[in-house]
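Below is one structure, written out as structure tokens; comments come after it.
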Amino acid sequence: MSMSQKRMNTPTWEEALFLAVHRMIQAVRIHKDNNELVKASLKQFKKVLSSRELTDDLAVLIFEERFFVDGEKIRFRRELAGLIQVLVEFFRRRGLGGLSFGPSVGNASETEILRFMRWLVQSVEQDNPYTWLKEKLETTDFSWIGIVQEVKSQHITPEDDLRERGRLIYMHALTSVKQMAEKISTQGHAGVRKAKRMVQGMVDIVTKDDGVLVGLSSIKDYDDYTYTHSVNVAVLSLCLGKRIGLSRVPLEHLGICGLLHDLGKVEVPLEVLTKAGALNAKEWEEIRKHPIVSAKQILMLNASNDLKSKIFLAPFEHHIRNDMTGYPYTSAKQEVSLFGKILHITDVYDAMTSPRAYRPFAFSPDQTLSKMMEGSGSDYDPTLLKIFVRMMGTYPVGTLLEFNTGEMGLVMEGPKDSFGSHPRILLLEKDGQGGVKGGEAVDLSEKDPRTGTYRRTIVRSLNAASYGIQPVEFLYN
Ligand SMILES: [Fe+2]
Ligand SMILES: [Fe+2]
């Protein structure tokens with residue numbers, strides 16, 4: 001054993017991966033393919049990657065000089081700081097934001113790996129290393145490796161950092177629910193570790209600033225509805241949970257409930273889920289089974305019984321109304337659990353604000369909230385609903401508004417004043433190609449110094465979908 005290994009103790013898997021990549025890059029830089037050092041580094045690289053079974057792409061990303069593996073920020077022991085800095089610099093000079101390893105990486109041939117590593121090293125001499133590498137990769141059929149472009153982060157403020165982290169976690173959470181659902185339908189069971197990690201990341205963010213997550217929940221993906229919906233329900237539930245003072249551990253459980261509440265939909269036939277017209281009695285029957293199936297599947301997850309006992313009930317209850325009607329039918333005299341009540345509110349909100357197969361338009365956020373208020377007490381727990389409505393603000397982030405000036409704009413940020421009527425707005429301008437682009441950011445509390453009146457007042461809220469606008473595209477750029 002060499003000195004350096006002795007001092008290092010056993011590296012974590014992530015550390016071993018970075019050590020192996022670093023070693024290989026250094027070897028390839030100096031030596032030819034048949035060199036012993038190159039061969040040894042190649043062997044080490046393959047050993048590390050095959051010691052962890054990848055069931056899906058493993059993303060290694062750099063953001064703000066920090067590495068993230070699968071969405072989780074990696075903390076390295078101090079001894080590795082120098083080496084990590086070298087790697088950060090290596091990727092930065094090539095305009096790369098990271099790599100993604102495919103599940104087939106264990107079968108990649110040594111020639112392929114070397115070829116890629118050499119390209120990676122050489123790319124720095126190109127005008128645009130990222131495009132050059134991408135073109136190189138397109139000439140191959142390497143399914144085990146992908147490159148990611150650098151996320152430009154000039155003038156990053158702590159708030160932006162939080163936003164970017166939020167966005168990363170949102171995307172990772174999305175893939176993790178999707179994979180769980182796929183695993184359950186093919187293998188009958190799945191683990192919960194990854195979903196749990198994503199929720200922990202979300203809890204980190206929500207305890208700092210819940211506005212970030214509320215904004216992200218304006219992502220609506222029509223094609224991937226069930227999954228974006230699940231992440232949105234998790235996100236909104238966490239924000240509401242935080243408002244009512246839940247502490248970290250219950251928040252984690254609540255977030256997992258949100259991610260998994262519709263898991264049972266994997267057993268609903270796709271024709272029923274995506275049917276454009278009204279459902280017949282038999283189809284309704286299929287839909288109404290999903291909360292029971294969700295609960296059943298949660299109980300079958302590879303997770304501790306303790307965890308499962310805390311997360312199966314709310315998904316079972318999420319379609320039961322406050323007056324105990326709804327589904328599944330239960331003769332229980334007991335009220336719906338707190339988590340169940342929260343999920344019911346966030347679930348309806350996200351469903352109504354999303355376009356669906358049977359309803360190609362979505363209700364605008366403020367329309368949705370006022371419709372929901374009509375069901376206060378009968379459908380929703382009145383206290384929780386009131387807190388939820390206040391949390392979302394009169395015009396939730398992502399609402400498209402029309403002003404007395406004739407301008408149109410998107411709500412970017414909740415209002416700083418407590419009345420909730422003067423949010424920050426991103427004005428939209430015509431892009432000259434029939435669409436719109438983001439323009440100036442303004443504050444609705446701005447007054448005209450001459451007249452003393454507000455510069456802009458809200459005329460009405462508009463339906464973003466009917467203007468072909470996906471709010472989140474503008475808000476997170
Ligand atoms: Fe549901
Ligand atoms: Fe749902």
Looking at region 298-314, which of its residues are within 19 Å of Thr330 (Cβ to Cβ) and either within 16 Å of ligand 1 (Cβ to nearest atom) or outside any helix (DSSP H, G or I) (or both)?
Ile298, Ile311, Phe312, Leu313, Ala314
Restricting attention to region 239-271, report how many residues are away from ligand 2 (no atom under 15 Å from the Cβ), surrounded by fewer than 17 Cβ atoms within 10 Å (Cβ to Cβ) and either among the β-branched types (Val, Ile, Thr) or at pLDDT below 95 (or both).
9
Return the residues of region 290-332 that are free of Cβ contacts under 8 Å to residues at least 40 places away in the same chain and touching a Pro at 6+ places or on another chain (Cβ under 8 Å); say none if nothing qualifies.
Pro291, Ile292, Ser294, Ala295, Ile298, Phe316, Glu317, His319, Ile320, Tyr327
May I ask you to list the residues in region 218-261 that are of a type in the set (Ser, Thr, Tyr) and within 16 Å of ligand 1 (Cβ to nearest atom)?
Tyr225, Thr226, Tyr227, Thr228, Ser230, Ser237
Number of the exception - Gly264 against (1) under 27 Å from the mean Cα position of the chain (by Cα); (2) within 16 Å of ligand 1 (Cβ to nearest atom); (3) closer than 25 Å to Pro365 by Cβ
(3)
Within region 343-380, considering residues that are in contact with an Asp or Glu (Cβ under 9 Å, 6 or more places away or on another chain) and more than 24 Å from Leu273 (Cα to Cα), the one farthest from ligand 1 (Cβ to nearest atom):
Gly377
Please determine whether any residue of region 111-125 is in contact (Cβ under 8 Å) with a residue 12 or more places away in the chain and not in a helix (DSSP H, G or I).
no
Test: residue in region 24-47 that is under 25 Å from Arg165 (Cα atoms) and either surrounded by 18 or more Cβ atoms within 10 Å (Cβ to Cβ) or of a type outside the set (A, V, I, L, M, F, W, C) (or both)
no
Are there any pairs with C-beta distances below 6 angstrom linking a residue in region 252-264 that is closer than 13 Å to Cys239 by Cα to a residue that is within 11 Å of ligand 1 (Cβ to nearest atom) and of a type outside the set (A, V, I, L, M), with the two at least 6 apart or on different chains, and if so which?
none
Subset of region 85-114 that is surrounded by fewer than 17 Cβ atoms within 10 Å (Cβ to Cβ) and among the basic types (Lys, Arg) - its residue that is farthest from Ile74 (Cα to Cα)
Arg93
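The values are calculated or read from the model by the stated rules, or taken from the named source; none is laboratory data. Keep in mind that this is a model prediction, so the values were computed, not measured. When we count neighbours, we look across all protein chains shown, and the Cβ atoms used for this are built from the backbone with ideal geometry, even at glycine.
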